[in-house]
1. Checking the a/c ratio against 1.5 first, then a/b against b/c, what shape does the Cα gyration tensor give for segment 118-261?
2. Give me the extension gain from residue 307 to residue 250: residue separation times 0.36 nm, minus the current Cα-Cα distance, reported in nm with one decimal.
3. Which percent, nearest 5, of DSSP beta bridges in segment 5-224 are antiparallel?
4. If only Cα atoms are counted, what is the Rg of segment 21-69, and what is its Dmax, in Å?
5. State log₁₀ I(q)/I(0) for segment 229-302 at q = 0.13, 0.15, 0.25, 0.28 Å⁻¹ as given by the Debye formula over alpha-carbon point scatterers of equal weight, solvent excluded.
6. What is the ratio of the Cα radius of gyration of segment 5-224 to 2.2 N^0.38 Å, where N is its residue count, to two decimals?
7. Considering Cα pairs under 8 angstrom that are at least six residues apart, work out the relative contact order of segment 5-224 and quote it in whole percent.
8. Which whole-number percent gives the relative contact order of segment 129-179, counting Cα pairs below 8 Å spaced six or more residues apart?
């Protein structure tokens, strides 16, 4: 019988008080209220750890790198306590024949009950020969592992959309995993890479509620991909005021104005970057002075330059765009300055006239 998360934590000397704090923090990271803390605690206490098989296809391992940097919950708690990570050739100690034996054992032991996590994608050209693992095409390994999985998680833009491997002209015919796996529920966690807490948060949700989270029409969890980055961006007031960076390192950039005109894709990108942020909530690309490149959106690599501004973003009324509002704002400010100067001149002239009359 697989141990529960709580049993593992208690065995490691974690107090009940610390365990409840952990459950509270987990609820917060999932965007859930205090009322859900008891449900999370009960799930951690009573349900066995979820077996997970993690496969890697064509990718750069950035999703794994992001995952191990999760702060809420810590990746070590997810891997060692919350789930039973039975196979991951990146994170496991075994290699070669031992690793493949672990994979086959996990599929047999947990048939129909494990979650398949996929990082990267399969190339289909020349019968999958552009990605060979243990002497076989990765696409075959993927299909076999998916056959007995209860659900599939597509980590990152590569597994979700294809990413750079599937960018034009796509010589290897790389495809997102939903083109190969068509009979299983797939939870897409796009991003290049995804945010660490989003990755661990999805696993925590599935463990707690024994179901996949509510998904949008693209297959992404609404709890993390339900709003545009633009909606909660701290630079949004500058966008609304028509204050934009016109070129890198100009005065507007130093003042932290909106990056829309230098290519920021925040207005059309759905992700939690502006709220959850990165590296334990420290920052995100826009906070570091670079515009969003839209890496959680389908086909982002083939949509032109990352520094080419979006067109047709009408956020100031049906027929007003950012360029028009910026010009209008500048005109209003100029008119206001001119008007203020004129009023000041009139007041000074009136003052001098009054002084002359009093002297006379």
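1. Taking the square roots of the gyration eigenvalues as a ≥ b ≥ c, segment 118-261 is oblate.
2. 19.0 nm
3. Values: 6 of 26 bridges.
DSSP beta bridges in segment 5-224 are roughly 25 percent antiparallel.
4. Spelled out, the Cα radius of gyration and Dmax of segment 21-69 are 14.9, 41 Å.
5. Debye curve over Cα of segment 229-302, log10 I(q)/I(0) at q = 0.13, 0.15, 0.25, 0.28 Å⁻¹: -0.35, -0.47, -1.18, -1.35.
6. Numbers: Rg = 17.3 Å, N = 220, 2.2 N^0.38 = 17.1 Å.
Ratio of Cα Rg to 2.2 N^0.38 Å: 1.01.
7. On the way: 382 pairs, mean separation 48.1, N = 220.
Answer for segment 5-224 is 22 percent.
8. Numbers: 30 pairs, mean separation 12.1, N = 51.
Result for segment 129-179 is 24 percent.
All of the numbers you see were taken from the coordinates with simple rules; none came from a lab. Keep in mind that this is a model prediction, so the values were computed, not measured. Neighbour counts are summed over all protein chains in view; Cβ atoms, including those assigned to glycine, are modelled from backbone coordinates with ideal geometry.
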